[in-house]
Amino acid sequence: MKHEPANPFVFGQVIGPGAPFCPRPQLARSIRETVENRQRLVLQGDRRVGKTSLVEHTLAEGDGLLVSIDLLGLASVEDFMDRVLARLEATLSSKRALTKHLPPDMKEALSMVSSLRIDLPFVQVEAKPVKASTVMQVMSLLARVNEWKPLTVFFDEFQEIADRLDEKAAPHLLGVLRGEMQRHSRIAYIFAGSAKESLTEIFTASPSPFYQSARILEVGPLPRDAMTRFLDSQFLSGGRGLDDGVMEAIFSLAGDNPNDLQQLAYHLWARSAPGPLGLTELRAAVVTLMAEVARSGERVVGNATPNQRRMLFALALCEGEADVFGTAFLELAGLKTHQSSDQAIKPFLKGTLAVLEKQGSRVRFRERFMRIWVLARVLRNPRLLPTGIGHAGQWVEMVRPHLAGLLQ
Ligand SMILES: Nc1ncnc2c1ncn2[C@@H]1O[C@H](COP(=O)(O)OP(=O)(O)O)[C@@H](O)[C@H]1O
Ligand SMILES: [Mg+2]
């Protein structure tokens, strides 16, 4: 019996070297140039648009060392130092073959990594400010290692420093880091982040220590034709050919975000056998995907007040097109005032119920499939909105037929 290949689609995680990856030649070139010329580069873009994968994938090979430091959930300056040291240790130990032949003074420097880590004071209740010299010591270790092997230091989710540390600690840490990095003219530094406003501010606001210190590159979704070829070839590797119209439907449902596209493709693969794949298989995949989203969806909608619910329903119908404080939106959601709209949105912007996010003056669902799950609910029962769904808009009409399995 022929062995059926494993599902090639990956979502919700970094795509490491060797895993199927849709090439992004221009961005990859900028990254390689940054490394070769020991420059500084900021990659900014929406969540799950592929920033981390791009860096990890592009720099996996080559003889330099990549130290990737993920700052997501950063708790303190000590935590920052611990993360830097832990990643440095991990990078070096993954290159055992190299570290065996270390010059003695380098060995000594590296043994400092472990001892520094042990010395870091943790869980201080009444945290004293961490001395700049400790941060400097950690950063100077990077310079030591770099004397031996060219280093690229990648700070992922860099905005977490500004977002999660307190008002004093954040500028202090940024100031010290900037000072140290300025002296590291032989180290390449790459920064990435998704909470756009605070990240941009770090690099573009004139009082910030990082003001104009790096080139900023926008990472958008992958071009549709490149992504189409990528998805097609993955399906073909498992003997699956998409019928006419299926790829278009996939893009209507999932949008342009590569993570969402891969998530839907994953389910389509899982719900099908080798052979041609049509809209019937796609509908079955949407049903499974929605059953997954339903778990958190029910929790969000189930506990919401009537105002909050109507606001979520109205947003599912017309986010992006509507100003959530405009009269048309208020009428659709049956909300009387600007304040009631604001109140209804608030609990969904932060914490465990955070299904919405602000983008400038607009509000949208953080997850495309949460929007579709909520949308299916209103389409099934248009009376959930006081004015009905009326003229639902072009996109809604386009996806409606593919939600057939959910609308009965
Ligand atoms: N080049 C790519 N080709 C195919 N899929 C990708 C690519 N880049 C990202 N993805 C998809 O997006 C998901 C999230 O990628 P990730 O690098 O974690 O994004 P970010 O760091 O921007 O949040 C991956 O799990 C994968 O499904
Ligand atoms: Mg990332």
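So for Arg362, Arg309, fewest C-beta neighbours within 10 Å to most, what's the order?
Least to most surrounded, the residues fall as Arg362, Arg309.
With a Förster radius of 25 Å, plug the Cβ-Cβ distance of Ser340 and Glu298 into 1/(1 + (r/R0)^6) and report the FRET value to the nearest 0.05.
That gives a FRET efficiency of 0.55.
Each residue of the stretch 11-20 in turn: what ³J(HN,Hα) in whole Hz from Karplus with 6.51, -1.76, 1.60 and θ = phi - 60°, glycine and Pro shown as x?
9, x, 8, 5, 8, x, x, x, 7, x
Which cross-chain or sequence-distant (5 or more) residues have an amide H under 5 Å from the amide H of Leu66, H modelled 1.01 Å from N in plane?
So Leu66 has HN proximity to Thr152.
What length, rounded to one decimal in nm, is gained on full extension from Arg229 through to Thr387, with 0.36 nm per residue of separation minus their alpha-carbon distance?
52.7 nm
Tell me the angle of helix 132-148 to the major Cα principal axis of the chain, expressed in degrees between 0 and 90 and rounded to the nearest ten.
So the inclination is approximately 80 degrees.
Two-decimal Rg/Rh of the stretch 12-77 from alpha-carbon positions, Kirkwood Rh?
Over the Cα atoms of the stretch 12-77, Rg/Rh equals 0.96.
Which of the residue pairs Lys168/Lys358; Lys51/Lys100; Lys51/Lys107; Lys196/Lys336 have a Cα-Cα distance greater than 28 Å in the structure shown?
Lys51/Lys100; Lys51/Lys107; Lys196/Lys336
Quick one: P(r) of the stretch 298-407 from all Cα-Cα pairs, 5 Å bins, percents rounded to integers, in order of increasing distance.
Reading upward from the zero bin: 2, 12, 25, 28, 20, 10, 2, 0.
Over the stretch 221-335, with a single point scatterer placed on each C-alpha, what log10 of the ratio I(q)/I(0) does the Debye formula yield at q = 0.14, 0.18, 0.21 1/Å?
At q = 0.14, 0.18, 0.21 Å⁻¹ the computed log10 ratios are -0.71, -0.94, -1.08.
Rank Leu102, Ala170, Val42 by how far each Cα sits towards the positive end of the charge dipole of the chain (+1 on Lys, Arg Cβ; -1 on Asp, Glu Cβ) and give me just the farthest.
Towards the positive end, the residue furthest out is Ala170.
Could you list which residues have their amide H under 5 Å from that of Leu242, counting only those 5 or more apart in sequence or on another chain, with H placed in the peptide plane?
Leu277
If you wrap a convex hull around the Cα atoms of the chain, how much volume per residue is inside, in Å³?
It comes to 174 Å³ per residue, whole-number rounded.
Please list, in order along the stretch 234-249, the HN-Hα scalar couplings obtained from phi with the Karplus expression 6.51 cos²θ - 1.76 cosθ + 1.60 (θ = phi - 60°), rounded to whole Hz, x for Gly and Pro.
The phi angles translate into 5, 4, 4, 4, x, x, 10, x, 7, 5, 3, x, 6, 4, 4, 5 Hz.
With a 10 Å Cβ neighbour count serving as the proxy for reagent exposure, in which order, fewest first, do Glu218, Glu157 appear?
Sorted ascending by nearby Cβ count, the order is Glu218, Glu157.
Given all pairs of different Cα atoms, what value in angstroms does the Kirkwood hydrodynamic radius of the stretch 132-185 take?
Every distinct Cα pair counted, the radius reaches 12.1 Å.
Would you mind computing the Rg to Rh ratio of the stretch 25-218 from its alpha-carbon coordinates, Kirkwood style for Rh?
0.95
What list do you get for Val55, Val145, Val301 if you sort them by fewest beta carbons within 10 Å?
If I rank by nearby Cβ atoms, fewest first, I get Val301, Val145, Val55.
What size of dipole, in debye to the nearest 20, comes out for the chain about its Cα centre when the only charges are +1 on Lys and Arg C-beta atoms and -1 on Asp and Glu C-beta atoms?
It works out to roughly 280 debye.
On C-alpha positions alone, give me the angle between the axis of helix 258-270 and the longest principal axis of the chain, in degrees, nearest 10.
60 degrees
Bear in mind these aren't lab numbers, they're just calculated from the coordinates by the rules spelled out. Keep in mind that this is a model prediction, so the values were computed, not measured. Note: ideal-geometry Cβ built from the backbone for every residue, glycine included; neighbour counts use all protein chains shown.
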